[in-house]
Amino acid sequence: MNFSELKDQITEEIEEISEKVSIYIETEEGIIAIHENTKRRAASLIKVPILMEGYRQIENKEIHPDTLIYIDQNMRVGGCGVISYLSSGHVGSLQNMLELMIIVSDNTATNVLLDKLQIDKINKLARSIGCSETVIERMLMDKEAQAAGLDNYTSAKDMVHLLKTIFEDNDHYTQNSRLHMLEILANQQFKHKLPLYAEEKDGIKFYHKTGELDGVEHDAAIMEAKGRILYAAVLSENLFPNARGQRHISSIGRLLVEYLKK
């Protein structure tokens with residue numbers, strides 16, 4: 001599959017739902033951009049800039065990754081993750097919280113990090129690297145704040161820019177920090193969207209983060225194969241049931257896999 005065919009087939013895939021989908025795909029042959037700057041509810045994609053701010057603070061020695069945190073019952077929230085299901089109290093390091101936040105999308109770990117890292121600092125980081133549509137307005141699973149109109153947002157283009165900042169050499173992070181973040185993203189456990197149709201024999205490595213809420217399905221990924229790099233962010237909103245969004249994202253993932261296999 002060549003780039004022109006990839007673009008045509010992706011456009012055809014979302015033709016009937018195009019207003020509900022944002023796509024930004026960057027390859028060495030060109031860019032596919034559909035509503036790429038539209039601000040959408042971020043769901044768990046917002047955990048990527050949180051991860052990045054965590055490593056910025058580790059580099060600057062504002063926090064230490066081995067600092068232990070006791071998580072009592074009052075700190076636990078529902079949704080994705082494992083901490084809220086553990087018996088009694090739980091002790092973990094800040095490094096553990098960063099890993100759990102991405103690998104199993106743990107919401108309790110995320111709220112611990114939002115408190116420790118500070119929301120204002122995470123938003124400042126997003127702005128400093130040019131992600132104007134990415135903003136955190138509330139803690140996760142905060143129904144009162146959500147009822148008051150507060151939410152967390154990002155765009156497809158912002159997500160690709162965040163991932164590029166993790167993957168490529170830049171002045172924001174040392175190579176060591178970037179490699180640590182990539183390792184965490186590579187250990188992502190939710191593989192039912194963009195990576196769904198990838199097989200081991202395809203030789204494609206994914207570094208990615210998913211997100212979901214009621215009617216919201218996202219996946220943003222770095223895909224690496226045989227020295228070729230592809231960045232992709234596919235965000236869907238107001239698609240019900242959620243299986244519709246998952247189906248379209250996994251279908252786009254299949255096309256990306258076929259493109260990289262050429």
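A few comments on the model shown:
- Taken together, the criteria exclude residue 260 from residues that are in contact with a helix residue (DSSP H, G or I) (Cβ under 6 Å, 6 or more places away or on another chain) and of a type in the set (A, V, I, L, M, F, W, C).
- Among the residues making up region 65-87, those that are closer than 22 Å to residue 187 by Cα, assigned to a loop (DSSP other than H, G, I, E, B), open to solvent by 60 Å² or more (accessible area, probe 1.4 Å) and not acidic (Asp, Glu) are 82, 86.
- Residues satisfying the stated conditions in region 44-89, i.e. of a type in the set (S, T, N, Q) and over 20 Å from residue 140 (Cβ atoms): 60, 67, 87, 88
- Considering the conditions (1) within 20 Å of residue 52 (Cβ to Cβ); (2) surrounded by 14 or more Cβ atoms within 10 Å (Cβ to Cβ); (3) not polar (S, T, N, Q), residue 90 is excluded by exactly one of them, (1).
- For the residues 179, 150, the requirement of being out of contact with any His (no Cβ under 8 Å at 6 or more places or on another chain), part of a loop (DSSP other than H, G, I, E, B) and open to solvent by 10 Å² or more (accessible area, probe 1.4 Å) singles out 150.
- If you go through region 100-124 and pick out every residue that is farther than 24 Å from residue 221 by Cβ, among the β-branched types (Val, Ile, Thr) and either open to solvent by 30 Å² or more (accessible area, probe 1.4 Å) or outside any helix (DSSP H, G or I) (or both), you end up with 1.
- Neighbours by Cβ (under 9 Å, 6+ apart or cross-chain): first from region 237-262, within 24 Å of residue 39 (Cβ to Cβ) and open to solvent by less than 80 Å² (accessible area, probe 1.4 Å); second assigned to a helix (DSSP H, G or I) and hydroxyl-bearing (Ser, Thr, Tyr): none
- Residues in region 125-147 that are in a helix (DSSP H, G or I) and over 18 Å from the mean Cα position of the chain (by Cα): 128, 143, 144, 145, 146, 147.
- Given (1) in a helix (DSSP H, G or I); (2) closer than 20 Å to residue 100 by Cβ; (3) not charged (D, E, K, R), number of the condition residue 159 does not satisfy: (2)
- The lone exception for residue 26 - which of (1) under 28 Å from residue 137 (Cβ atoms); (2) in contact with a strand residue (DSSP E or B) (Cβ under 8 Å, 6 or more places away or on another chain); (3) in a helix (DSSP H, G or I) it fails: (3)
- First in region 29-48 and in contact (Cβ under 8 Å) with a residue 12 or more places away in the chain, second anywhere and among the aromatic types (Phe, Trp, Tyr), Cβ under 7 Å, 6 or more apart: 29/3; 30/3; 33/24; 36/24; 39/153; 40/153; 41/153; 42/153
The values are calculated or read from the model by the stated rules, or taken from the named source; none is laboratory data. Just so it is clear, the structure is predicted and the values come from calculations on it, not from any experiment. Note: ideal-geometry Cβ built from the backbone for every residue, glycine included; neighbour counts use all protein chains shown. We work out accessible area using only protein heavy atoms, side chains counted, and drop any ligands, DNA or RNA first. Shrake-Rupley method; radii C 1.70, N 1.55, O 1.52, S 1.80 Å.
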